[in-house]
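Please treat every number below as a calculation from the coordinates, not as lab data. Here the structure is a predicted model, which is why all the values come from computation and not from measurement. Every residue, glycine as well, gets a Cβ built from its backbone with ideal geometry; the counts of neighbours run over all protein chains shown.
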Amino acid sequence: MNQAFVWIAAGAVVAGCTMMAPAPAGPSATTTLAPTQGNSAKGTVSFAQRGDKVVVVAKVSGLTPGSHGFHIHEKGDCSSPDAMSAGGHFNPTAKPHAHPSTTERHAGDMPMLVADGSGNASLTTELDVITIGGGATDIVGKAVIVHTDPDDFKTQPTGNAGGRVACGVIRRS
């Protein structure tokens, strides 16, 4: 075998490994979702900063089957029976409510939770407009809300996602 070819191939493997390396682990945060009055939804949501993105992992039970709006809200306050104390969507950059795949959206806009026939939903996603532990888009101290209805990603400013069935305050972990 040609020795030059071996060195080129070895270099390509090393370069490929370098380019594929995961982003370094950064700060993390979690919340425990508790049901609002008259509801049974509960679960956990974890957030982990990985470079310029935040990995979100949610596991929620006690939902009605189907899609549910899922957002970060501006106030870390779940004290009212309907969780309205959490305020509106977290929107420090004054953007319109929109699907999380678009660049012009609330920082608190997340993909919908989709519950199976038993009322269980799991979601793993990456978001690029929130941070953990600093700056205007820091989510620590904010609330996560699960809504009764699907998010239409159009109606301003809420997505027409209905009432709030679960709430939890995001804490640094």
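Taking amide H positions as modeled 1.01 Å from N, with prolines and chain starts lacking one, the residues under 5 Å from Leu113 and 5 or more places away or on another chain are His68, Phe70.
In whole percent, what relative contact order does the chain give with Cα contacts below 8 Å and a gap of six or more residues? Can you show the working numbers first?
On the way: 454 pairs, mean separation 47.5, N = 173.
Relative contact order for the chain comes out at 27 percent.
According to the Kirkwood relation over distinct C-alpha pairs, the hydrodynamic radius of the chain is 17.0 Å. In terms of packing, defined here as the mean over residues of other Cβ atoms within 10 angstrom, the peptides 152-162, 75-85 line up highest first as 75-85, 152-162. Can you tally the net charge around Thr30? Count Lys and Arg as +1, Asp and Glu as -1, for every other residue whose Cβ sits under 9 Å from the Cβ of Thr30. After counting each charged neighbour, the total is +2.
Centre-to-centre separation between the Cα atoms of region 51-85 and those of region 105-166: 5 Å.
The angle between the Cα long axis of helix 3-20 and the main principal axis of the chain comes to about 10°, on a 0 to 90 degree scale. ³J(HN,Hα) across region 115-121 via Karplus (A = 6.51, B = -1.76, C = 1.60, θ = phi - 60°), whole Hz, x for Gly/Pro? Coupling constants for region 115-121: 8, 7, x, 8, x, 9, 9 Hz.
Using 0.36 nm per residue of separation minus the Cα-Cα distance, give me the extension gain between Thr64 and Ala34 in nm, one decimal. Walk me through the intermediate numbers first.
On the way: separation 30, 0.36 × 30 = 10.80 nm, distance 1.54 nm.
Result for the pair: 9.3 nm of gain on full extension.
Summing Lys and Arg as +1 and Asp and Glu as -1 over all other residues whose Cβ lies under 14 Å from the Cβ of Ile145 gives a net charge of -2.
If you take all other residues with their beta carbon under 12 Å from the beta carbon of Gln49, and give Lys and Arg +1 and Asp and Glu -1, the sum is -1.
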